[in-house]
Amino acid sequence: MTTDKEYQIQNLERIFNDGALSPIFKHNPKYPVEGVARIAYGDVMDYKIVIRNEKDFSGNSFWSENADIIAEYKSIEDLVDDGWRLD
């Protein structure tokens, strides 16, 4: 049986390896977010593990790499260990 941590890591690795989408995360109580916590598509393509606070959903900026950085990690495991879960 797969643990939640293993499940999260496997899915995030798949997202980064496939370069398929910009993942969105559930609320993490450690970090106040005024918008949506996500990893920008450009960050996925560059294999940068950067959680951004996307506040503007009205246009192309929703997918920009210019949103404020909430947290940055050296590995997917570090991200998951810090409490982030895919939405």
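The values are calculated or read from the model by the stated rules, or taken from the named source; none is laboratory data. Since this is a predicted model, take the numbers as computed values, not measurements. Here the Cβ is made from the backbone with ideal geometry for all residues, glycine too, and neighbour counts use every protein chain on show.
Here are the numbers:
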{"read-out": "Residue selected from the range 45-87 under the condition in a helix (DSSP H, G or I) and either modelled with pLDDT of 95 or more or among the hydroxyl-bearing types (Ser, Thr, Tyr) (or both), by the criterion farthest from ILE15 (Cα to Cα)", "value": "SER61"}
{"read-out": "Residue count, the range 1-43 (criterion: of a type in the set (A, V, I, L, M, F, W, C), more than 11 Å from the chain's Cα centre (by Cα) and surrounded by 12 or more Cβ atoms within 10 Å (Cβ to Cβ))", "value": "2"}
{"read-out": "Residue satisfying all of: in the range 44-58; in contact (Cβ under 8 Å) with a residue 24 or more places away in the chain and within 19 Å of ASP82 (Cβ to Cβ); surrounded by the fewest Cβ atoms within 10 Å (Cβ to Cβ) among these", "value": "TYR47"}
